[in-house]
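Here the structure comes first, spelled out in structure tokens, and everything after it is commentary.
The values are calculated or read from the model by the stated rules, or taken from the named source; none is laboratory data. Here the structure is a predicted model, which means the values were calculated and not measured. Neighbour counts run over all protein chains shown; Cβ positions are idealised from the backbone, glycine included.
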Amino acid sequence: MSLTISKSKRRLAVLINYGCLLLFVGMFITGKYLEWNIAVIVCGLLALIMLLVSFIALHIKTKLWKLAHSKTADLDERELQLTLQSLRHSYIIYAIISLLVIFSLAMLAGRHDSTLIIIYAGLLYLAHTLPSAIIAWREREV
């Protein structure tokens, strides 16, 4: 992927990236509560590898990660407005997802275990990648 990747390709990369995150978390939960068999382990590892590859392609190579995490003093007016808008949308989405996950866990489990750690890690990842994913999703050119 290059710095001028098309909007449709960036959207596909966002879907692949978050799909791999969901698959990885799902495989971890499946292994934890049902059984750690070879299929679950391989699928989980493949999801993790694809998550890392898609992260690098989408967020690092396009420099969207750097844009979304830059100091405001280092940005021009357009970049500043872009990042502020993406942060606004990101944290609204993040708050809703976090509340739904926490509510679901409270209703289903009612106890603390290692699954909450991996879910927390997934939510933390989401919080940090959503700003650049919003830019990738919405902008015609980056």
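Quick notes on this structure:
- At least 2 residues being free of Cβ contacts under 8 Å to residues at least 12 places away in the same chain and more than 18 Å from A121 (Cα to Cα) is the threshold, and among the helices (runs of 4 or more DSSP H) wholly inside segment 1-110 those reaching it are 7-33, 38-55, 77-108.
- Any chance T72 is over 19 Å from the mean Cα position of the chain (by Cα), at pLDDT below 95 and closer than 29 Å to E141 by Cβ: yes
- Residues in segment 9-24 that are of a type outside the set (S, T, N, Q), under 20 Å from I118 (Cα atoms) and buried (at least 21 other Cβ atoms within 10 Å of the Cβ): L21, F24.
- Some residue of segment 85-103 being more than 20 Å from Y18 (Cβ to Cβ), of a type in the set (D, E, K, R), out of contact with any Lys or Arg (no Cβ under 9 Å at 6 or more places or on another chain) and surrounded by fewer than 13 Cβ atoms within 10 Å (Cβ to Cβ): no
- Flag: V25 matches the condition of being closer than 28 Å to S8 by Cα and in contact with a Gly (Cβ under 7 Å, 6 or more places away or on another chain).
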